[in-house]
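**Q** Once you've had a glance at the structure underneath, I'll fire off some questions.
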Amino acid sequence: MDCIIIDDEALARAIVSNHCKKANLNLVAEFDNAIAAIKFLNQQPVDLIFLDIHMPDFTGFDLIQTLKNPPRIVLTTSDRNFAIEAFEYECIVDYLVKPVGLPRFLKSVEKAKQVKHPVSYPSTKPLTEVNEVKTEKGTDLYVNIDRRLIKINFDSILIIEAKGDYILIKTESKNYTVHSTLKKIEEKLPDSKFLKIHRSFVINFHKIIDIEDNSVLIAKDVIPISRSNRPILMKQLNLL
């Protein structure tokens, strides 16, 4: 079986890689981030993925949702709390808790071999833009919308608003509704451009047109500022 490893921890990748050799698996590639793996998978299908859940910027579940026809997947994680959610995905055949021991790993491989799952990938446009993502949060935000990986330039974002289990990203040209939390998206944003000014709003403070009392005007939207966040905003704008 052709397989790949996706995990941001070098030691975890090394352990799984060693187990793959003992299980006579053909380890094709290793990746320390999901975006690089997606680019690879768009070009070369595999039979099995050993996938970590918690990775910076793009989680294992984000990756699964991006692939329309994912191969068999074995999750490798130190977090036991996602087991129930994991098996809602038909492609996930097992859930391994780190540190992954060889006997348990071999059982997982046998389970994967018994699952008949056709490997096919959508003929979507290759993610050539992935190489443009820079370190230190880069210049773009990647989000999953209808199982498509959408790139949004940071400079185009005006407002990000929490709406229950979703967030609304308003840009200069288009709005996007994403299944995520405000906290999760906020972690991906550069502090040099964005600030949370209310429990439900993150703004691009470079886009502020006017400030009046406890609100700011961005484009045509009036956004409230919480009392605790107003001094932070004023300091960020060098108004204190």
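**Q** Among I185, H19, L237, flag the residue with its Cα farthest along the positive direction of the charge dipole of the chain, charges on Cβ as +1 for Lys/Arg and -1 for Asp/Glu.
**A** My answer, from the dipole projection, is H19.
**Q** Another one. No solvent, one uniform scatterer per C-alpha: report log10 I(q)/I(0) for the stretch 1-86 via the Debye equation at q = 0.22 1/Å, two decimals.
**A** Log10 of I(q)/I(0), two decimals: -1.10.
**Q** Also: If R₀ is 30 angstrom, what is the calculated FRET efficiency for the pair C91 and A10, using the beta carbon separation as r and rounding to 0.05? Before the final figure, lay out the partial values.
**A** Numbers: r = 26 Å, r/R0 = 0.85.
For C91 and A10, the calculated efficiency is 0.70.
**Q** Largest first and in whole Å, give the semi-axes of the stretch 27-72's equivalent ellipsoid, each being the square root of 5 times a Cα gyration tensor eigenvalue. Walk me through the intermediate numbers first.
**A** Values: eigenvalues 46, 28, 20 Å².
For the stretch 27-72, the semi-axes come out at 15, 12, 10 Å.
**Q** What list of ³J(HN,Hα) couplings, whole Hz, do you get for the stretch 176-187 from phi and the Karplus terms 6.51, -1.76, 1.60, once you set θ to phi - 60° and write x for glycine and proline?
**A** Running phi through 6.51 cos²θ - 1.76 cosθ + 1.60 with θ = phi - 60° gives 10, 9, 10, 7, 6, 10, 5, 4, 5, 5, 4, 5 Hz.
**Q** While we're here: Could you order the peptides 192-202, 43-53, 223-233 from most to least packed, using the average number of other C-beta atoms within 10 Å per residue?
**A** Working: 192-202: 18.6, 43-53: 20.7, 223-233: 15.4.
The packing order, highest mean first, is 43-53, 192-202, 223-233.
**Q** Give, in whole angstrom and from largest to smallest, the semi-axes √(5λ) of the equivalent ellipsoid of the stretch 57-110, with λ running over the eigenvalues of the Cα gyration tensor.
**A** Working: eigenvalues 74, 36, 19 Å².
Each semi-axis is the square root of five times an eigenvalue, giving 19, 13, 10 Å.
**Q** P(r) of the chain in 5 Å steps, Cα pairs, percent per bin?
**A** In order of increasing distance, the bins hold 1, 6, 13, 16, 16, 13, 10, 9, 7, 5, 3, 2, 0, 0 percent.
**Q** Quick one: angle between helix 102-114 and the longest Cα principal axis of the chain, in degrees between 0 and 90, rounded to 10, please.
**A** 90
**Q** With a sphere of radius 11 Å drawn around the Cβ of S226, what net charge do the other residues whose Cβ falls strictly inside it have (Lys, Arg +1; Asp, Glu -1)? Mind dumping the intermediate values first?
**A** Working: positive: K196, R199, R227, R230; negative: none.
Taking every Cβ under 11 Å from that of S226, the sum is +4.
**Q** Roughly what percent of Cα-Cα pairs across the stretch 151-240 reach past 24 Å? Kindly include the intermediate steps, with their values, before the conclusion.
**A** Values: 489 of 4005 pairs.
The share of Cα pairs beyond 24 Å in the stretch 151-240 comes to 12 percent.
**Q** All other residues with a Cβ under 15 Å from the Cβ of T76 taken together, and with Lys, Arg as +1 and Asp, Glu as -1, what is their net charge?
**A** Numbers: positive: R13, R72, R80, K98, R104, K107, K111; negative: D7, D8, E9, E30, D32, D52, D79, D94.
Taking every Cβ under 15 Å from that of T76, the sum is -1.
**Q** Turning to a different aspect of this structure: Could you sort the peptides 5-12, 86-93, 69-76 by per-residue average Cβ neighbour count (10 Å cutoff), highest mean leading?
**A** Numbers: 5-12: 18.8, 86-93: 15.2, 69-76: 22.6.
By packing density, highest mean first, the sequence is 69-76, 5-12, 86-93.
**Q** Quantify, in whole percent, the carbon and sulfur part of the accessible surface of the chain (1.4 Å probe; protein heavy atoms only).
**A** Working: 6320 of 13040 Å².
Its accessible area is 48 percent carbon and sulfur atoms.
**Q** Please list the non-local residues whose amide H lies under 5 Å from the amide H of I218, H modeled 1.01 Å from N, same-chain partners needing a gap of 5 or more.
**A** I209, I223
**Q** At R0 = 25 Å, how high is the FRET efficiency between A29 and R80 if r is their beta carbon distance? Nearest 0.05 is fine.
**A** Values: r = 28 Å, r/R0 = 1.11.
My answer for the efficiency is 0.35.
**Q** Return the calculated 222 nm mean residue ellipticity for the chain, to the nearest 500 deg cm²/dmol, obtained by summing -39500 (n - 2.57) across DSSP H runs with n ≥ 4 and dividing by the residue count. Don't jump to the answer; show the numbers that get you there.
**A** On the way: 7 runs with 57 residues, N = 240.
Result for the chain, helices only: -6500 deg cm²/dmol.
**Q** Could you pull the accessible area for K22 with a 1.4 Å probe, rounded to 10 Å²?
**A** It works out to around 120 Å².
**Q** Further question: Using only Cα atoms and rounding to the nearest 10 degrees, what angle (0 to 90) does helix 10-22 make with the longest principal axis of the chain?
**A** The angle comes out near 20 degrees.
**Q** Moving to a separate point now. Rounded to the nearest whole Å², what accessible area per residue is found for the chain with the 1.4 Å probe?
**A** Numbers: 13040 Å² over 240 residues.
On a per-residue basis, the chain sits at 54 Å².
**Q** Is there a pair in K113/K188; K22/K183; K39/K116; K21/K183; K21/K116 whose C-alpha atoms are over 29 Å apart, and which pairs would that be? Please report the intermediate quantities before stating the final value.
**A** Details: K113/K188 37 Å; K22/K183 41 Å; K39/K116 25 Å; K21/K183 39 Å; K21/K116 22 Å.
Table pairs above 29 Å Cα-Cα are K113/K188; K22/K183; K21/K183.
**Q** Need one number: % antiparallel among DSSP beta bridges in the chain, to the nearest 5.
**A** In the chain, DSSP labels about 65 percent of beta bridges as antiparallel.
**Q** Could you report the accessible area of Y176 in Å², rounded to 10, computed with a 1.4 Å probe on the protein chains as they sit in the structure?
**A** Accessible area, nearest 10 Å²: 40 Å².
**Q** Taking the Cα centre of the chain as origin, sum charge times position over the Cβ atoms of Lys and Arg (+1) and Asp and Glu (-1), and report the length of that vector in debye to the nearest 20.
**A** Numbers: 33 positive and 32 negative charges, 59 e Å.
About 280 debye.
The values are calculated or read from the model by the stated rules, or taken from the named source; none is laboratory data. This structure is a prediction, so every number in the text was calculated from the model and none was measured. Note that we place each Cβ from the backbone using ideal geometry, even for glycine, and neighbour counts take in every protein chain shown. Surface accessibility is based on the protein's heavy atoms, side chains included, excluding ligands, DNA and RNA. Shrake-Rupley method; radii C 1.70, N 1.55, O 1.52, S 1.80 Å.
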